[in-house]
Amino acid sequence: MNQATPSWRAELHALTQDWLQRIALAADLAGLRELEVASVGKKGDVTALMRRVGTLPPEERRDYGAAAGDVRTQVDQALADRKTALEQAILDAELADDTFDETVPGLLPKRGHPHPLSLVQAEIESVFSSMGFHVLDYPEVESEFDNFEALNIPSWHPARDMQDTFWLQDGHLLRTHTSSGQVRAMQTFAPPFRAVFPGKVYRYEATDASHEHTFHQVEGLLVDRHVSVAHLLDSMRTLLSAILKTDVTVRLRPGYFPFVEPGFELDIQCRVCGGKGCSVCKQSGWLELLPCGLVHPHVLRAGGLDPEEWQGWAFGLGLSRLVMMRFGVPDVRLLLSGDTRFLTQF
Amino acid sequence: MFVSWRWISQWVDTSGVDPVAFAGRFTCTVAEIDHVIQVGPGLENVLVADVIGVEDHPNADKLHIATVDLGGRTERVVCGAPDLRLGMRVPFVPPGVTLPSGITVREGEVRGVRSPGMLASEADLGLSEDHTGLLSLDGCTAPAGTPLLDAVEVSDTLYEVDNKSITHRPDLWGQYGMAREVAAMLDKPLQPLDLAVTLGQGMPVDLQVQAPDLCPRYLCARIEDVTLAPAPVDLRLRLRRLGVRPISNVVDATNLVMLETGNPLHAFDARFLHGQTIRVRRATPGETLRTLDGSDRVLTANDCVIADADRPVALAGVMGGEESEIRPDTRTVVLEAAAFDAATIRKTAMRLGMRTESSARFEKSLDPALAATAARRFLGLLLQVSPGARITSGLADVGPFGSQPPAPIRIATTSTYLRGRLGVSPAEMADAWIDHCLQALEFQVDRQGDAVTVTVPGFRATRDIRLAEDLVEELGRHYGYQRIVSKAPLIPSRPPELPPLRRLERDVRAILVQRAGLTEALLYGFDDEKQRTRLGLHEPTADGGDLPRLGLRNAISSEMSRLRRNLAPNLISAIERNLLTGDGRQASKKGFQVGMFEIGRVFVPVPDRTLAPHEQAAVDRGVPALLDDPTAAATYLGRMSPEMRLGVTEAAARATPLPWQPIRLGLVLAERLGGGADGAKTAIPPQEVTERLFRTVVGALEAVAEAAGLGGLTVTRGDLSQPLDLLRLPVAAPDLGATWLHPRRHGLIRSGDRVLGVVSALHPAVRQRLDVPAEVVLAELDLGALLQGERLVVRGGAPPTHPAVTQDFTLRRPRTDRVADLAAALRQVAVAVLPGSVEAVQYLYGLDDATGANPERALTFRVTCRAADRTIGSDEIARLVDKVSARFGVQAAPGDA
């Protein structure tokens, strides 16, 4: 109906084309955001169009309003489309990128190395602890009483030669076995109780690949009423199976230790040959593992207990030897060498 | 100790028993067998031969040609033995035979003379090590050509028993004692020993036992018209098999009887007993005796000797004297069969370093009754091996045992008790079986229902069997421990204890390994004096002496003669070795780092001065403390035998407090510096390195403190030359005056006001002595003290509602200013501005100029504030910045508020 198109139509058209083109050319999201502010932001060009409606003749206002709204719609749409496209492009770029190197080493500091004796000792302590044993610790410099006298080894006893002793100038000694804690434990705990006490022991002897003047043992002690060899057998089999992580067959044979009666050497069936006989077990089918026995009544008395009422069993296990067996250590002297070339293997 | 299966089979019917298969049972019942040795296999084709001709070898001076009769045929063989003579009987080995010694005899020529066989020595036949001459079969009555195994006593099965497994069994040191066990195992009768012998009349010598405490019994007899000769071949072979060298019929008879009964004997040549007198007495101090090994022995009053009218002629129970020993021309023999005090024999043998077959037996406490058995066996045997000999005296028997034999030991117990200790039921082990088993072992059993009184035979009563528990062992081993059905112990279950220190040890170890990346070492409890001297490591007192360390009476070497009172010296030596070698993953070169720690005991002598209360509490008083309360002591001692009660009270009287034995944590971290020249070793290590190592060690210790539940540690320098207030120290804190601590690069580690230990760079004087240029930082602290530090109380409050605000400050300060002091000053200012809102003042980093020329450094701290009731505003931060600027003259670091 109107022959002359109002001048604003061309202007709106040009403006729209200009914005659509600029939006289409936006290179990244930050640039797009700037265009958004400059176009449809509070002070933007497109926003400004709506404010111009009042300046037009009333008959044109409706058309102008519609046209300006249309511009706004087109620009909004273009912004949204461009945003989607740009985001997709980033996503595509990340997914297409092949430069990430997953093989670079981890960042946490390297761990250190526990001593193998600590490892095995901790395992043993946890096995015993889970079975109700206290884990105790007793002095290394000991009295003659606790190391010998209380264990039914009076001064004239030949067994004192069996364990060559380091004597101190003050009259004490370096304990020759962890059994020195037996009477201490009896004096500390009200029976019934069960306990293990691991630690360093000392023997006055020359060293070689299988002898060391300082080594580690763990002592086990149980005190209860009506303790029998049958209980000792059961406990030893259960505990050794847990420690050696396999079902073991054990046998007891007579062994002499003054602080137990009866006293035993406990053998385990050779795990290399299954008892048939091989070079490891010297063809006997059995490996000597530890001495044990029922606690001698003299020892119970020295511990302040009445042997009529209380009995017990005890064993002594060589920790150093167990470590050597477990890890194939060829020379016992490596254990206390402080040589990190050895220690960093664990 | 060997057991001869052939010998014991004289007294026990062992037919049908395979001795090799039986060995396993023997080990589980009697004593541990180290080896089973079979003698005989491989000798089946060896024959008895008579030497009927001896001629010189035409081509060799030392060889002969022997013509031997093999019964129906003769052979001519080449022989090199020096003792070959006409009329001799010898073993002949035909060609094609491989002997146990590994020798294969071949028919061949020896220096041009054909030799179809060989005459053999003991060594050739594998009977002993002796290859000096032929095995003489003189005295063998079998016709020539008889197989050796049929002609003489050769074949046997020997058990080599571990002597340690029979130290408590004097009865097992003779074949007859072993036979008794085997008889009981096989449930067969044991033939008694033949003790019949016709004695003469009167005393053999003028005999007195003057030391009855050392010699409970001394038996003696005189034998005249003795002819010295080799013992019969079977007896010689028997001795050989049991490891004893045959000498002559008289000496061999003493040894055979010792092996048989377990009781050593001695034979004197009567010509050399001055005054035909024997006195058993203590030696006079300084008295000497030449023993038959040719050594002169100087004696003490603790030794027991056999003397004649003038001088000692034998060291009782250990070895005879040289002069009175049996000689080829001996005609009159005086026999000694005695029992000696075990402890005396043991001490004499040990002191003189002469453990003999005799002393080894006497020190086991032999039954004095056995001496009479042995004497009669000897006399019977001697008359056989020396035809014409006459016993011209009675068997004199002197000493307290004969006049006052000890009362037999009787043990009253019950079957219920015996079975209970083994854990078997009456169905498994009947009363009748118990009685039968004990009787087979020669116990006398008197039963009244369940109750049983057991009389111990003399040969088990000297030491071995005293208590019902000992009978439990007898029954258990003969019943078979493998037959006992195992039972789970019934014990009230109760959560086990893990002492706090033990728990802490574990936690500390885990943290140092897992978080600090250190390697755990366990080192000797002895100091290494050589290293201490070389590196100048010691613990001086204020007046320049050395702090006491516990010394050994019997050190292995002078370099290991004292116990360590600090962990550091051994750790320093160890770290030096590792700096030289690398750690097995990396070689040691510039920048190589090695860090290790030890958790272990040190030993600190209890000082002579009066102990402070906290020290007194740490002293282990052991036995005497037991006897403090008279009522408790009465109960305690009342349960003991008089002998044991005496032992315990004497031990208590002798007892002195044990030294302090605290558990310490020692930690050492080292980095190798560049170059190997002395220049590099004497230069001051780069501050960056020292600071980095120091901070790593402190960081590890902070993690340790955290594991111990402590609120935190402070590390500040002290004056190491001044003694600290002892009450502020744990009983045995590391020695703060030690020469390895750096007077200006160390810190005392405190929790609250208590010093737990010290961290320090290695003193430059020690560092420069290391064989490798390195900076070393070490720390040592008392783990027990760590448990007594100020604990952190953990609370689970709600998260804060208002945000925290941080502000960083960079202060330019003189290099002598300490970070801890500046942080404290900064905190003071912040608290004045924002009371109640300062959460933390942290050190972030410091910038120093590398040349060290600038006396100042820049240190950046971060202040974190948070109020409970509001968000802290920028105006408040602005005021903080103003105040800090006013106090320290600096600007806030930009961009943080």
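Listed values, structure above:
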item: Matching residues, region B:531-586, being under 22 Å from the mean Cα position of the chain (by Cα) and surrounded by fewer than 16 Cβ atoms within 10 Å (Cβ to Cβ); result: B:GLY551, B:ARG553, B:ASN554, B:ILE556, B:SER557, B:SER558, B:GLU559
item: Complete set of residues in region B:33-53 that are crowded, with 21+ Cβ neighbours inside 10 Å and part of a loop (DSSP other than H, G, I, E, B); result: B:LEU43, B:VAL46
item: Scope region B:477-525; condition β-branched (Val, Ile, Thr) and farther than 25 Å from A:THR340 by Cα; matching residues; result: B:ILE484, B:VAL485, B:ILE491
item: Test for B:THR541: is it among the β-branched types (Val, Ile, Thr), touching a residue at least 24 places away in the same chain (Cβ under 8 Å) and touching an Asp or Glu at 6+ places or on another chain (Cβ under 8 Å); result: no
item: Filter pass, A:PHE215 being more than 9 Å from every other protein chain (Cβ to nearest Cβ) and touching a residue at least 12 places away in the same chain (Cβ under 8 Å); result: yes
item: Given (1) surrounded by 19 or more Cβ atoms within 10 Å (Cβ to Cβ); (2) within 24 Å of B:MET1 (Cβ to Cβ); (3) modelled with pLDDT under 95, number of the condition B:ALA151 does not satisfy; result: (2)
item: Hits in region B:628-644 (condition: within 11 Å of chain A (Cβ to nearest Cβ) and not in a helix (DSSP H, G or I)); result: B:ARG639, B:MET640, B:SER641
item: Members of region B:365-403 that are modelled with pLDDT of 95 or more and among the aromatic types (Phe, Trp, Tyr); result: B:PHE378
item: Criterion: within 30 Å of A:SER118 (Cα to Cα), within 11 Å of another protein chain (Cβ to nearest Cβ) and either modelled with pLDDT of 85 or more or within 33 Å of the chain's Cα centre (by Cα) (or both) - qualifying residue of B:PHE694, B:PHE597; result: B:PHE597
item: In region B:445-478, the residues that are hydrophobic (A, V, I, L, M, F, W, C), surrounded by 21 or more Cβ atoms within 10 Å (Cβ to Cβ) and under 20 Å from B:THR416 (Cα atoms); result: B:VAL452, B:VAL454, B:VAL456, B:ILE465, B:LEU471, B:VAL472, B:LEU475
item: Filtered residues of region A:220-239 (kept if farther than 19 Å from B:PRO496 by Cα and either more than 8 Å from every other protein chain (Cβ to nearest Cβ) or within 33 Å of the chain's Cα centre (by Cα) (or both)); result: A:LEU232, A:LEU233, A:ASP234, A:ARG237
item: Selection within region B:554-572 - within 9 Å of chain A (Cβ to nearest Cβ), in a helix (DSSP H, G or I) and in contact with a Gly (Cβ under 8 Å, 6 or more places away or on another chain); result: B:ASN570, B:LEU571
item: Unmet criterion (only one of (1) facing chain A (nearest Cβ under 10 Å); (2) in contact (Cβ under 8 Å) with a residue 12 or more places away in the chain; (3) part of a helix (DSSP H, G or I)) for B:VAL606; result: (3)
item: Any hit, region B:720-731, residues being among the aliphatic types (A, V, I, L, M) and part of a strand (DSSP E or B); result: no
item: Any hit, region A:270-288, residues being touching a residue at least 40 places away in the same chain (Cβ under 8 Å) and either more than 11 Å from chain B (Cβ to nearest Cβ) or under 33 Å from the mean Cα position of the chain (by Cα) (or both); result: no
item: Condition met for B:PRO204 (part of a loop (DSSP other than H, G, I, E, B) and surrounded by 21 or more Cβ atoms within 10 Å (Cβ to Cβ)); result: yes
item: Which numbered condition A:GLY318 fails, given (1) within 13 Å of another protein chain (Cβ to nearest Cβ); (2) within 25 Å of A:VAL227 (Cβ to Cβ); (3) of a type outside the set (A, V, I, L, M); result: (1)
item: Set A:PHE193, A:PHE166: member being more than 7 Å from chain B (Cβ to nearest Cβ) and either more than 28 Å from B:ARG346 (Cα to Cα) or crowded, with 22+ Cβ neighbours inside 10 Å (or both); result: A:PHE193
item: Residues being out of contact with any Ser or Thr (no Cβ under 9 Å at 6 or more places or on another chain) and under 30 Å from B:MET178 (Cα atoms) - total across region B:35-62; result: 2
item: Single residue of B:ALA142, B:ALA81, B:ALA66 found to be assigned to a loop (DSSP other than H, G, I, E, B) and over 30 Å from B:PRO19 (Cβ atoms); result: B:ALA81
item: Only listed residue being out of contact with any His (no Cβ under 6 Å at 6 or more places or on another chain) and under 22 Å from B:GLN439 (Cβ atoms), chosen from B:GLY139, B:GLY126, B:GLY174; result: B:GLY174
item: Pairs, first without any contact (Cβ under 8 Å) to a residue 24 or more places away in the chain in region B:313-332, second assigned to a strand (DSSP E or B) and buried (at least 24 other Cβ atoms within 10 Å of the Cβ), C-beta under 9 Å, six or more apart; result: none
item: In region B:334-358, residue surrounded by the fewest Cβ atoms within 10 Å (Cβ to Cβ) [restricted to those that are within 12 Å of chain A (Cβ to nearest Cβ), outside any loop (DSSP other than H, G, I, E, B) and out of contact with any strand residue (DSSP E or B) (no Cβ under 8 Å at 6 or more places or on another chain)]; result: B:MET350
item: Those residues of region B:432-468 which are modelled with pLDDT of 95 or more, hydroxyl-bearing (Ser, Thr, Tyr) and within 26 Å of B:ARG217 (Cβ to Cβ), in sequence order; result: B:THR455
item: Residue count for region A:136-149, restricted to those that are closer than 17 Å to B:MET644 by Cα, under 40 Å from the mean Cα position of the chain (by Cα) and at the interface with chain B (Cβ under 8 Å from one of its Cβ atoms); result: 2
item: Options B:LEU172, B:LEU158; residue that is under 19 Å from B:ALA339 (Cα atoms), at pLDDT 95 or above and not in a loop (DSSP other than H, G, I, E, B); result: B:LEU172
item: Scan of region A:172-200 for residues that are in contact (Cβ under 8 Å) with a residue 60 or more places away in the chain and closer than 22 Å to A:HIS115 by Cβ, ordered by number; result: A:HIS177, A:THR178, A:VAL196, A:PHE197, A:PRO198, A:GLY199, A:LYS200
item: Whichever residue in region B:416-432 is outside any loop (DSSP other than H, G, I, E, B) and free of Cβ contacts under 8 Å to residues at least 24 places away in the same chain and, among such residues, is nearest to the other protein chains (Cβ to nearest Cβ); result: B:GLY420
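The values are calculated or read from the model by the stated rules, or taken from the named source; none is laboratory data. Just so it is clear, the structure is predicted and the values come from calculations on it, not from any experiment. All Cβ positions, glycine included, derive from the backbone under ideal geometry; neighbour counts span all protein chains shown.
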